[in-house]
1. Provide Rg and Dmax in Å for segment 38-130, with only Cα atoms included in the calculation.
2. Output the antiparallel fraction of DSSP beta bridges having both residues in segment 62-221, as a percent to the nearest 5.
3. Return a whole-number percent for the relative contact order of segment 69-153, with Cα pairs under 8 Å and 6 or more residues apart as the contact set.
4. What are the residues whose amide H is under 5 Å from the amide H of Lys143, where those residues sit 5 or more places off or on another chain and H is modelled from the backbone?
5. With contacts defined as alpha carbon pairs under 8 Å and 6 or more residues apart, what's the relative contact order of segment 145-218 in percent?
6. Would you compute the Debye intensity of segment 55-182 from its alpha-carbon atoms alone, equal scatterers and no solvent, and pass along log10 I(q)/I(0) at q = 0.12 Å⁻¹ to two decimals?
7. Using the crude model of +1 on Lys and Arg Cβ and -1 on Asp and Glu Cβ, and no other charge, please compute the dipole size for segment 1-134 relative to its Cα centre, in debye to 20.
8. Taking a probe of 1.4 Å, how large is the accessible area per residue of the chain, in Å²?
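The values are calculated or read from the model by the stated rules, or taken from the named source; none is laboratory data. The shown structure was predicted, so the numbers you read here are calculated from the model rather than taken from an experiment. Here the Cβ is made from the backbone with ideal geometry for all residues, glycine too, and neighbour counts use every protein chain on show. Heads up: the accessible areas ignore ligands, DNA and RNA and are worked out on the full protein's heavy atoms, side chains in. Shrake-Rupley method; radii C 1.70, N 1.55, O 1.52, S 1.80 Å.
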Amino acid sequence: MPATDTVLNARALLLDMDGTLVNSDAVVERVWRRWAEAHGLDPDEALKVVHGRQGYATMAVLLPDRPVERNHADNRELLAQETADVDGVVPVPGAPAFMAVVSGLPHALVTSADEALAQARMTAAGLPMPATRVTAELVSASKPDPEGFLKGAAELGHAPADCVVFEDSEAGITAGLAAGMRVVGVGPRAAAHHPTVHVDDLTRIRIEPLADGTLNLRVTG
């Protein structure tokens with residue numbers, strides 16, 4: 001979808017982290033390539049599934065007959081590895097300015113990372129951690145389930161229809177739309193998955209708070 005002169009109105013913003021605010025692809029690729037190879041999987045095919053989901057949910061897609069307990073055990077190990085490895089973690093273009101603008105506006109982080117990983121990556125990227133956040137520990141189902149976004153909206157006290165989601169992955173975009181929200185797809189992965197509007201990065205977003213509490217989001221070409 002062309003990113004030219006689209007205007008969305010909202011009362012709250014729900015922000016994914018990886019691929020949306022923070023570019024952590026280098027770490028994700030290192031960790032998941034090792035895991036895929038150890039389990040006899042094609043790493044390139046595995047990486048097509050990884051983004052946006054919690055680790056155990058990715059494993060369930062890649063190894064559907066595997067006991068769920070093993071997936072959760074492996075997930076804990078991979079989370080520890082990812083939390084300790086921040087080499088190459090950088091902000092998505094425009095993210096520092098974007099976060100400075102939204103700091104005084106209703107917004108929440110909704111991420112498939114747990115709290116420790118979210119803190120590590122946001123810190124490594126030099127971005128402030130939102131006070132309201134829905135991390136992996138706080139949901140019973142991973143994206144593409146909409147639970148996280150619905151919880152984020154509820155925490156902020158706004159109806160789903162009044163929220164706009166920022167996401168980069170198929171799982172995240174699916175979750176946001178299933179929650180009844182508009183979705184700004186960010187980055188190259190997002191374009192193919194039918195977000196409400198797509199942008200190359202966060203430099204393309206302008207946010208204007210209006211007197212009635214509405215946020216005017218303008219997507220520029």
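1. Radius of gyration, then largest Cα-Cα span, for segment 38-130: 15.6, 48 Å.
2. Working: 5 of 14 bridges.
Close to 35 percent.
3. Numbers: 82 pairs, mean separation 25.2, N = 85.
30 percent.
4. When sequence neighbours closer than 5 places are left aside, the close amide H contacts are Gln54.
5. Values: 112 pairs, mean separation 16.5, N = 74.
Averaging sequence separation for qualifying contacts and normalising by length gives 22 percent for segment 145-218.
6. -0.49
7. On the way: 11 positive and 18 negative charges, 77 e Å.
It works out to roughly 380 debye.
8. Working: 9480 Å² over 221 residues.
Result: 43 Å² per residue.
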